[in-house]
Amino acid sequence: MSLTHEERIQLHDFNNLTKSLSFNMYDVCYTKTKEERQSYINYIDEQYNAERLTEILKDVASMIGAYVLNVAMQDYEPQGASVTMLVAEGPVEEAPKSAFEESPGPLPEASVLHLDKSHITVHTYPEYNPEDGISTFRADIDVSTCGEISPLKALNYLIHSFDTDIMTIDYKVRGFTRDVKGHKLFIDHDITSIQNYIPETVKNEYHMIDVNIYQENIFHTKCKLKAFNLDDYLFGYTKDALTQTEQATIAQKLQHEMDEIYYGRNMPRT
């Protein structure tokens with residue numbers, strides 16, 4: 001199915017397809033002491049508290065032309081936050097041609113897109129390994145839409161909103177809608193890979209793996225940063241404060257943690 005902007009499918013009525021994007025990001029840090037660990041968690045809670053996350057989700061809604069109907073947000077003790085936002089569409093006729101292409105979406109200052117009745121949620125999960133000094137921060141963002149515009153158009157902005165070592169991205173189109181002749185449509189846009197919605201400049205920074213089930217309209221991509229600079233993973237000091245042996249040991253722990261997250265399984269330590 002390859003349609004131009006002018007040839008968009010004529011539907012019988014409302015578009016009943018549900019398109020769901022799940023964006024999971026991970027930030028990894030080495031925190032040697034209990035005090036460092038608590039400082040890192042405090043920093044994360046401040047950077048990604050419910051108020052800031054709400055602003056990010058409002059930006060997502062604004063980018064895709066949605067009206068915010070209701071916001072529920074909550075910070076948790078000892079750490080973490082959640083935001084749920086119900087949104088409704090603007091007139092889809094105004095959406096630009098790029099909204100229907102398999103290409104990266106805009107950043108907030110760029111063009112506006114549109115979608116139908118939808119919801120956007122985010123939950124954060126700061127945590128730490130009590131044995132080896134590794135702390136991780138995970139944010140799960142879900143954008144679910146009913147309408148012509150794919151929430152994948154928000155992916156570029158979400159990637160730019162977080163400092164991300166590892167990303168796991170899932171996209172699923174569920175249900176069906178009908179054209180004016182009553183023919184069922186189980187997907188209404190072209191897609192071969194989530195990677196096509198990520199800019200080349202970002203893709204060049206990550207190792208990437210796709211697992212796609214085309215016949216079920218299920219798409220999965222995971223990404224791990226290629227570059228590794230130990231200073232980026234130390235909280236409150238630089239590697240110059242460590243011996244060469246300490247640097248090598250900490251780097252091994254961090255890379256092992258990231259590999260386990262990336263491949264989704266516990267791995268033997270070398």
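The values are calculated or read from the model by the stated rules, or taken from the named source; none is laboratory data. This structure is a prediction, so every number in the text was calculated from the model and none was measured. Reconstructed Cβ throughout: ideal geometry from the backbone, glycine too, with neighbour counts over all protein chains shown. Quick note on the areas: whole protein, heavy atoms, side chains included, nothing else; ligands and nucleic acids left out. Shrake-Rupley method; radii C 1.70, N 1.55, O 1.52, S 1.80 Å.
Annotations
- Pairs with Cβ under 6 Å, 6+ apart, first in segment 159-177 and touching a residue at least 12 places away in the same chain (Cβ under 8 Å) and of a type outside the set (Ser, Thr, Tyr), second open to solvent by less than 10 Å² (accessible area, probe 1.4 Å) and assigned to a strand (DSSP E or B): Phe162/Met25; Asp165/Val28; Met167/Met25; Met167/Cys223; Ile169/Phe23; Ile169/Thr221; Val173/Lys19
- Qualifying positions in segment 199-239 - of a type outside the set (A, V, I, L, M, F, W, C) and open to solvent by less than 50 Å² (accessible area, probe 1.4 Å): Pro199, Lys203, Tyr206, Asn212, Asn217, His220, Thr221, Lys222, Lys224, Tyr233
- Matching option when the condition is under 27 Å from Asn42 (Cβ atoms) and of a type in the set (A, V, I, L, M, F, W, C), among Met258, Met208: Met258
- From the list Ile250, Ile187, Ile191, the lone residue that is open to solvent by less than 60 Å² (accessible area, probe 1.4 Å), of a type in the set (A, V, I, L, M, F, W, C) and under 17 Å from Ser22 (Cα atoms) is Ile191.
- Of all residues in segment 155-178, those satisfying the criterion of being farther than 25 Å from Asp45 by Cα and open to solvent by less than 20 Å² (accessible area, probe 1.4 Å) are Tyr171, Val173, Thr177.
- For first residues located in segment 219-237 and closer than 21 Å to Gly133 by Cα, partners that are open to solvent by 50 Å² or more (accessible area, probe 1.4 Å) and basic (Lys, Arg) and lie 6+ apart or on another chain with Cβ distances below 6 Å form the pairs Leu230/Lys239; Asp231/Lys239.
- When Glu51, Glu102 are checked against the criterion of being of a type outside the set (A, V, I, L, M), open to solvent by 50 Å² or more (accessible area, probe 1.4 Å) and modelled with pLDDT of 90 or more, a single residue qualifies: Glu51.
- Hits in segment 246-258 - residues which are of a type in the set (D, E, K, R) and more than 13 Å from Thr136 (Cα to Cα): Glu246
- Among the conditions (1) on the phi < 0 side of the Ramachandran plot; (2) within 18 Å of the chain's Cα centre (by Cα); (3) at pLDDT 85 or above; (4) surrounded by 20 or more Cβ atoms within 10 Å (Cβ to Cβ), the only one that Gly80 does not satisfy is (1).
- Residues that are open to solvent by 50 Å² or more (accessible area, probe 1.4 Å) and either part of a helix (DSSP H, G or I) or free of Cβ contacts under 8 Å to residues at least 40 places away in the same chain (or both) within segment 128-154 comprise Pro130, Glu131, listed in sequence order.
- Residues in segment 63-77 that are among the hydrophobic types (A, V, I, L, M, F, W, C) and either in a loop (DSSP other than H, G, I, E, B) or closer than 16 Å to Leu152 by Cα (or both) were compared, and the one that is modelled with the lowest pLDDT is Ile64.
- Candidate set from segment 13-43 (those that are surrounded by 17 or more Cβ atoms within 10 Å (Cβ to Cβ) and of a type in the set (Phe, Trp, Tyr)); member that is nearest to Asp75 (Cα to Cα): Tyr40
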